[in-house]
Amino acid sequence: MKKRVMITAVFAVALVTRADVVFDFYTTANLYGALDEQQGPVDFTIDGVTATFTAVGGVMNRTNSGFGINADGSADTTYALDSGEALQVSFDQDVIITALDFRNFENGETMNVTIKDATNPVEYNALSNQTTDSIDGLSWSVTAGDTVDFAVAGDANAIALDSITVAVPEPAVISMLGLGGLLMLVGRRVSHKRK
């Protein structure tokens, strides 16, 4: 039975996801061009994955300094997410958020990433690379249609969002895991009958 579990685990790991899909708000001209000055919802497809973007508290805005929400008022940082602003993103299929890239992220600041009512705070000290304001190695599952909210924590923060990297789980993984579970049950029953 241990062999069956190990074989299933190896297949599952080998087939977990296909290539990463990067929604880059800062350098992908087609993307930021479609989102700029829009409140949304705006759909955009990259490599077969469609994301829907909606601005809360203003309109989406990309400048040479970054991507964020532009709200009415003089206290707004137009190229970043400020207090009271949020970027909502949903996907047309199940994805796993694997990396986030920010700009203007400073010590003491926090970006809250909320996925279906579960908040994942990203703090400056937790960034994988504080020079490039990025965090990788994430494994946050997002079910198709669920909303992911990006919002700063606190009043003083102004953090720009440069990119969201997602991986798409292969349907074969679910089949392999199901097959592995079935093999384990069959193996269990056979071993119980032998006793």
- [ ] Report whether or not residue 132 is assigned to a loop (DSSP other than H, G, I, E, B) and either surrounded by 15 or more Cβ atoms within 10 Å (Cβ to Cβ) or basic (Lys, Arg) (or both).
- [x] no
Task: In the stretch 29-41, residue nearest to residue 88 (Cα to Cα) [restricted to those that are crowded, with 16+ Cβ neighbours inside 10 Å and over 17 Å from the mean Cα position of the chain (by Cα)] - done: 40
Open item on the list: I'd like the residue in the stretch 66-89 that is more than 15 Å from residue 151 (Cβ to Cβ) and within 21 Å of the chain's Cα centre (by Cα) and, out of all such residues, is surrounded by the fewest Cβ atoms within 10 Å (Cβ to Cβ).
Closed with: 79
Open item on the list: Suppose we filter 110, 63 for residues that are surrounded by 14 or more Cβ atoms within 10 Å (Cβ to Cβ), farther than 25 Å from residue 31 by Cα and of a type in the set (S, T, N, Q); which single one remains?
Closed with: 110
- [ ] Answer with yes or no whether residue 99 is at pLDDT 80 or above, in the same structural domain as residue 45 (by TED's automatic domain parsing) and over 18 Å from the mean Cα position of the chain (by Cα).
- [x] no
- [ ] Could you please give the count of residues in the stretch 42-61 that are part of a loop (DSSP other than H, G, I, E, B) and either of a type in the set (A, V, I, L, M) or within 19 Å of the chain's Cα centre (by Cα) (or both)?
- [x] 2
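Residue check: is residue 117 acidic (Asp, Glu) and farther than 17 Å from residue 144 by Cα? Before the answer, list the steps.
Values: acidic (Asp, Glu): yes; farther than 17 Å from residue 144 by Cα: no.
Here the answer is no, as residue 117 does not meet what is asked.
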Task: Selection from the stretch 147-172 of residues that are of a type in the set (S, T, N, Q), assigned to a loop (DSSP other than H, G, I, E, B) and at pLDDT 90 or above - done: 147
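If a residue has to be aromatic (Phe, Trp, Tyr) and within 19 Å of residue 145 (Cβ to Cβ) to count, how many in the stretch 26-54 make the cut? Can you show your working first?
Initially, the stretch 26-54 is screened for residues aromatic (Phe, Trp, Tyr), giving 26, 32, 44, 53.
Still in the list and also within 19 Å of residue 145 (Cβ to Cβ): 44, 53.
Of the residues in the stretch 26-54, 2 are aromatic (Phe, Trp, Tyr) and within 19 Å of residue 145 (Cβ to Cβ).
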Task: the stretch 120-129, residues that are surrounded by fewer than 17 Cβ atoms within 10 Å (Cβ to Cβ), part of a strand (DSSP E or B) and not charged (D, E, K, R) - done: 120, 121, 129
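One line per residue, one yes/no per condition, for (1) assigned by TED's automatic domain parsing to the domain that holds residue 141; (2) at pLDDT below 90; (3) in contact with a Gly (Cβ under 8 Å, 6 or more places away or on another chain):
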residue: 32; (1), (2), (3): yes, no, no
residue: 42; (1), (2), (3): yes, no, no
residue: 49; (1), (2), (3): yes, no, no
residue: 78; (1), (2), (3): yes, yes, yes
residue: 85; (1), (2), (3): yes, no, yes
residue: 89; (1), (2), (3): yes, no, no
- [ ] Could you look through the stretch 122-146, keep only residues that are of a type in the set (Val, Ile, Thr) and modelled with pLDDT of 90 or more, and pick out the one that is farthest from residue 105 (Cα to Cα)?
- [x] 143
Task: Scan of the stretch 62-119 for residues that are farther than 14 Å from residue 160 by Cα, assigned to a strand (DSSP E or B) and of a type in the set (A, V, I, L, M), ordered by number - done: 89, 95, 96, 97, 99, 115, 118
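The values are calculated or read from the model by the stated rules, or taken from the named source; none is laboratory data. Here the structure is a predicted model, which means the values were calculated and not measured. Neighbour counts are summed over all protein chains in view; Cβ atoms, including those assigned to glycine, are modelled from backbone coordinates with ideal geometry.
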